[in-house]
Amino acid sequence: MGRCAPQQAFVMTHLNRSRQQQSESRMRIPPASIPTQQPDESGPADASPLELMAAAQTTHKESAVVLTTHAAHTATAATRPVTIKDVAAHASVSVATVSAVMNANKYVSPELEQRVRASIDTLGYMRNSMARGLKTQVSHAIELVIPDIANPFFTNISRGVEDVANAHHYALILGNTDEDPQKELNYIHLLHGKRADGMIIATTAQGHDIAPTWPLHQFPIVSIDRSLFHLGIDTVLVDNQHGARMAIEHLIQLGHRRIGIVTGVPGIAPTDERLAGYKEALETHGIAVDPALVDVSHPRVGGGEQGAWRLLTQTAERPTALFLMDGTMVIGALQAIAKLGLRCPDDVALVGFDDFVWASVMRPRLTVVAQPTYEIGHTAAQLLFERLEHHPDREPREVRLHTELVIRESCGASLQRASGNT
């Protein structure tokens, strides 16, 4: 036992020396370097291999602790979100300069701006819009509230709105109401909570009636497709009445006198104005408006099928042509015609209001009144940002965009040409 004491003393001395050398080594190694422990050759010649192994294992464990701590620090630094201060340090400018570049609210020389933007790209900096909104009460988001995004009409409008929003560095919040006034009201409440700075909306039929009770003038709002201009709200529409009149007059020129119409939700601009255009065309050509040829349905595929079915199976004389107020309703009308064993346009001519991407490849190819859907969204968004950024108190504007009659096969014009009739 007495012979073990010197060996134990050597081990402790060796371990203490190793810890001291490693501590000094850690003080000299930069943070990004990996410390490497060299074997200690300063021990006495009579140290046993077992003693040297014990000392080496202890030193290795301590080195492992250093490596683990450094790795954890590196991982934390790598996952920490980049801040505006990091961008300023990287670009060697002040935080105020970075803020001025991002907000474009103060002059910054082109050289500095290029340097800041290069640092933003290099570091992958993304501004925390939510935190910024809490401070400035500006969310940098706008709402688009529509009845149904599945309707191609509103899909194209959405793209027009989004392109303008992106150009202004705003996010877009999209909401579908499904013609439910309560859902509509929920989206309006987002404005109160400053979750959005403005709104573009195609109101529901009921919402159109109760809109005067909304806080319409507390926030920038633009109405599309359904008019709120009478309430002092910017509105973007198409010339619905003129478009419908063109369609009906074309069918009359093809020889049709019993022209049925399937309308949509009553009480809104598209329905009321297109119905007015239908009646105007008939009366202009001395054709009496027959209530039996006017059907009210839902602006969906199913609504078009049901409305066309009712008109084509009524006890009165069957119409020879149908006018559908909505693009998706035309598809339903074609289904009804097929189920009844009829042919379009041979037995029933068909014209729809609104063009869509597959209308020109269907059989028969559809004759439609085309609306500038992208331009509707683009124009509405421009009006909204005009109020948000420049003229919040300007007079309200109503913009009416033109429609176009696109003649294809479903109206029967090709049959008329083939038979030599005019």
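Read the figures in this text as sums done on the coordinates, not as results from a lab. Please read these numbers as outputs of a predicted model, since none were measured by experiment. For neighbour counting, all protein chains shown are included, and Cβ atoms are generated from backbone atoms with ideal geometry for every residue, glycine included.
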Given 140-150, 87-97, the highest-first ranking by average Cβ count within 10 Å works out to 140-150, 87-97
With a ≥ b ≥ c from the Cα gyration tensor eigenvalues, square-rooted, and the rule rounded for a/c under 1.5, otherwise prolate when a/b > b/c and oblate otherwise, region 132-220 is oblate
Classified through the alpha carbon gyration tensor (a ≥ b ≥ c as square roots of its eigenvalues; rounded if a/c is under 1.5, else prolate when a/b is larger than b/c, else oblate), region 268-310 comes out oblate
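Which value, in debye to the nearest 20, describes the size of the charge dipole of region 84-127 about its Cα centre when Lys and Arg Cβ atoms bear +1, Asp and Glu Cβ atoms bear -1, and nothing else is charged?
Its charge dipole is roughly 120 debye.
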Hull volume per residue for region 84-127, using the convex hull of the C-alpha atoms, in Å³ is 57
Binned at 5 Å from zero, the C-alpha pair distances of region 160-201 give percents of 5, 21, 28, 22, 17, 6, 1
Output ordering of 353-366, 221-234 (per-residue mean of other Cβ within 10 Å, highest first) is 221-234, 353-366
With 0.36 nm assigned to each residue of separation and the Cα-Cα distance removed, Leu401 to His217 gains 63.8 nm
Expected unfolding gain across Ile287-Ser94 under the 0.36 nm per residue rule, minus the alpha-carbon gap, is 61.9 nm
From the cross-link list Lys106/Lys194; Lys106/Lys183; Lys183/Lys279, the entries with a Cα-Cα span beyond 30 Å are Lys106/Lys183; Lys183/Lys279
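By per-residue mean of other Cβ atoms within 10 Å, what is the highest-first order of 173-185, 192-204, 157-169?
Descending mean neighbour count gives 192-204, 157-169, 173-185.
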Computed curve, region 199-243, Cα-only Debye sum without solvent term, log₁₀ I(q)/I(0) at 0.15 Å⁻¹, is -0.35
